[in-house]
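> Could you have a look at this structure, given as structure tokens, before my questions?
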Amino acid sequence: MKIFLHLGYPKTATTYLQKNIFSNHPDINYIGKFYKNPNKSKFIFELEKNIFCLNDKDFRKYVIKIKPKIKEKLNKKKINLISNEAFLINYNYNKISTTEKILDRLLRLFDKNLKIYILIFIRNHKDALRSNFNQFKHLLRRHDIFLKDLKFAINNNQDNVFLNNFNYYSIIKILKKNKLIFKTRIFFYEDFDNNKNFLMKSLCKFLNIKYLPHLNKDEKVRTHEDLKNNRLKELINLIKITFKNKSFKLRYIINFFNFITKREEYEILEKKHFDQYKERVMNFYSSDTKKLDKKYHKKLKKYFYLKNK
């Protein structure tokens with residue numbers, strides 16, 4: 001039996017795919033987020049939380065408990081597709097786990113007789129960093145990671161928990177080590193703008209399902225966040241983080257004050273402010289990106305993952 005795992009990346013039109021394609025296609029048995037019926041999303045959120053939060057001993061017990069439930073959800077007559085971009089956000093919870101450990105735990109939930117296919121949408125590093133930082137900076141604050149830290153790491157070519165998530169080849173390499181994985185396929189987020197129909201047809205071909213044009217809606221795929229539209233949401237998130245913390249540390253009060261006074265690390269990371277880092281970002285990731293399969297190199301250069309010589 002085949003299982004397809006869609007792992008994201010975050011901010012690569014995952015909501016569009018989950019909402020319009022995965023949950024609506026008649027040939028897909030979809031296990032993931034349901035936007036029209038949130039109760040059906042409980043299973044994937046529980047899975048996510050236990051993968052991230054349980055200690056090793058409790059996780060081994062959980063694997064024994066959850067395997068039969070996963071088996072019940074699988075459908076031999078359809079394509080089984082599990083989608084959750086959170087598996088590539090290793091700073092999502094209070095404790096930071098390595099991406100390798102998260103993916104290893106995820107794959108341990110499946111029987112060895114299954115064939116697992118991986119699909120990953122990637123995005124130009126500069127745009128991916130900006131969009132993900134804007135979306136998840138409230139999570140990064142928990143780990144004392146701010147905009148100044150990202151700039152310092154990029155300028156000095158140093159490791160950083162957030163930045164390391166976008167070493168695409170390193171993630172693919174981790175996945176290829178696992179014997180359960182039969183095939184891994186990369187798709188480019190930029191193709192949504194440049195050739196959306198071709199992208200959807202390629203995706204359906206990989207999934208071995210019929211392309212249904214009516215599911216490929218003309219809905220605009222969300223790109224970069226607007227500061228004014230998201231500021232209230234950011235404020236609410238920060239208040240929750242501040243007052244839920246039992247120790248009520250001074251830094252949470254400082255965080256709140258900095259946000260209200262619009263200090264730099266709480267501003268949205270705007271395109272015009274980050275364009276100056278384009279060359280540095282490409283240099284930061286170049287050694288990793290060059291190791292990706294050569295069949296992708298033409299698009300990697302076209303969409304500015306790699307420099308055009």
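The values are calculated or read from the model by the stated rules, or taken from the named source; none is laboratory data. Computed from a predicted model, the values in this text were never measured in an experiment. Here the Cβ positions follow ideal geometry from the backbone for every residue, glycine too, while neighbour counts run over all protein chains shown.
> Which ones in segment 68-104 are in a helix (DSSP H, G or I) and either surrounded by 14 or more Cβ atoms within 10 Å (Cβ to Cβ) or touching a Ser or Thr at 6+ places or on another chain (Cβ under 8 Å) (or both)?
Initial filter on segment 68-104 (in a helix (DSSP H, G or I)): 68-73, 85-88, 99-104.
If the condition is that a residue be in a helix (DSSP H, G or I) and either surrounded by 14 or more Cβ atoms within 10 Å (Cβ to Cβ) or touching a Ser or Thr at 6+ places or on another chain (Cβ under 8 Å) (or both), then I70, E85, A86, F87, L88, T99, E100, K101, I102, L103, D104 are the ones that fit.
> Another one. Only one of (1) of a type in the set (S, T, Y); (2) more than 25 Å from R108 (Cα to Cα); (3) touching a Leu at 6+ places or on another chain (Cβ under 6 Å) fails for Y189. Which number is that?
Of everything listed in (1) of a type in the set (S, T, Y); (2) more than 25 Å from R108 (Cα to Cα); (3) touching a Leu at 6+ places or on another chain (Cβ under 6 Å), Y189 misses just condition (3).
> For segment 142-154, indicate whether the set of residues that are aliphatic (A, V, I, L, M), touching a residue at least 12 places away in the same chain (Cβ under 8 Å), farther than 26 Å from Y285 by Cα and assigned to a helix (DSSP H, G or I) is non-empty.
So far as segment 142-154 goes, no, none of its residues is aliphatic (A, V, I, L, M), touching a residue at least 12 places away in the same chain (Cβ under 8 Å), farther than 26 Å from Y285 by Cα and assigned to a helix (DSSP H, G or I).
> Here's something else I'd like to know. Quick check, is I21 over 17 Å from the mean Cα position of the chain (by Cα), assigned to a helix (DSSP H, G or I) and among the β-branched types (V, I, T)? Walk me through it before giving the result.
Numbers: over 17 Å from the mean Cα position of the chain (by Cα): yes; assigned to a helix (DSSP H, G or I): yes; among the β-branched types (V, I, T): yes.
So I21 passes the test.
> Here is a follow-up. Under 7 Å by Cβ, and 6 or more places apart or on different chains, what pairs join a residue from segment 97-121 that is within 18 Å of L81 (Cβ to Cβ) with one that is buried (at least 19 other Cβ atoms within 10 Å of the Cβ) and small (G, A, S)?
That search, which allows pairs on different chains as well, returns I120/G8; F121/G8; F121/A13.
> Hey, another quick one. Which residue pairs have Cβ atoms under 9 Å apart, sit 6 or more places apart or on different chains, and have a first residue in segment 42-71 that is at negative phi and a second that is of a type in the set (S, T, N, Q) and part of a helix (DSSP H, G or I)?
From residues that are at negative phi, the pairs are D58/N50; F59/N50; Y62/N50; I66/N50.
> Another question about this same structure. May I ask you to list the residues in segment 29-43 that are surrounded by fewer than 20 Cβ atoms within 10 Å (Cβ to Cβ) and within 14 Å of H6 (Cα to Cα)? Working first, answer last.
The initial filter retains those residues of segment 29-43 that are surrounded by fewer than 20 Cβ atoms within 10 Å (Cβ to Cβ), namely 29, 34-43.
Of everything in segment 29-43, just one residue is surrounded by fewer than 20 Cβ atoms within 10 Å (Cβ to Cβ) and within 14 Å of H6 (Cα to Cα), namely N29.
> If you don't mind, there's one more thing I want to ask. Here's a check for you: in segment 260-291, which residue that is over 13 Å from N124 (Cβ atoms) and of a type in the set (A, V, I, L, M) is modelled with the highest pLDDT?
The extreme case among them is L269.
> Step by step: first the residues of segment 32-70, then only those that are more than 18 Å from I89 (Cβ to Cβ) and in contact with a helix residue (DSSP H, G or I) (Cβ under 6 Å, 6 or more places away or on another chain), then the one that is modelled with the highest pLDDT. Which residue is that? Reasoning before the result, please.
Within segment 32-70, the subset more than 18 Å from I89 (Cβ to Cβ) is 34-40, 42-43, 55-70.
If we keep only those that are in contact with a helix residue (DSSP H, G or I) (Cβ under 6 Å, 6 or more places away or on another chain) as well, we get 34-35, 62.
Numbers: F34: 92, Y35: 87, Y62: 97.
So, considering only residues that are more than 18 Å from I89 (Cβ to Cβ) and in contact with a helix residue (DSSP H, G or I) (Cβ under 6 Å, 6 or more places away or on another chain), the one modelled with the highest pLDDT is Y62.
> Of the numbered conditions (1) modelled with pLDDT of 90 or more; (2) in a helix (DSSP H, G or I), N134 fails exactly one; give the number of that condition.
Here N134 clears every test but (1).
> I would also like to ask the following. Does L88 satisfy being in contact with a Pro (Cβ under 8 Å, 6 or more places away or on another chain), under 27 Å from N208 (Cα atoms), touching a residue at least 24 places away in the same chain (Cβ under 8 Å) and not polar (S, T, N, Q)?
On the way: in contact with a Pro (Cβ under 8 Å, 6 or more places away or on another chain): yes; under 27 Å from N208 (Cα atoms): yes; touching a residue at least 24 places away in the same chain (Cβ under 8 Å): yes; not polar (S, T, N, Q): yes.
In short, yes.
> Given (1) modelled with pLDDT under 90; (2) touching a helix residue (DSSP H, G or I) at 6+ places or on another chain (Cβ under 9 Å), identify the lone condition not met by L114.
(2)
> Moving on to the next point. Given S83, S97, S131, which one is among the small types (G, A, S) and farther than 28 Å from F304 by Cα?
Numbers: S83 fails: farther than 28 Å from F304 by Cα; S131 fails: farther than 28 Å from F304 by Cα.
Exactly one residue qualifies, and that residue is S97.
> Hey, another quick one. Could you check segment 174-195 and list, in sequence order, the residues that are part of a helix (DSSP H, G or I) and either surrounded by 15 or more Cβ atoms within 10 Å (Cβ to Cβ) or in contact with a helix residue (DSSP H, G or I) (Cβ under 8 Å, 6 or more places away or on another chain) (or both)? Give the derivation first.
Of all residues in segment 174-195, those part of a helix (DSSP H, G or I) come to 174-176, 191-194.
The answer is I174, L175, D191, F192.
> Residues being more than 23 Å from N160 (Cα to Cα) and not in a helix (DSSP H, G or I): count how many of those fall in segment 105-131. Step through it out loud before you land on a result.
Initially, segment 105-131 is screened for residues more than 23 Å from N160 (Cα to Cα), giving 106-119.
Of the ones still in play, those that are also not in a helix (DSSP H, G or I) are 108-119.
Looking only at that region, the number is 12.
> In segment 11-31, what count of residues is obtained for those that are modelled with pLDDT under 95 and farther than 16 Å from N216 by Cα?
1
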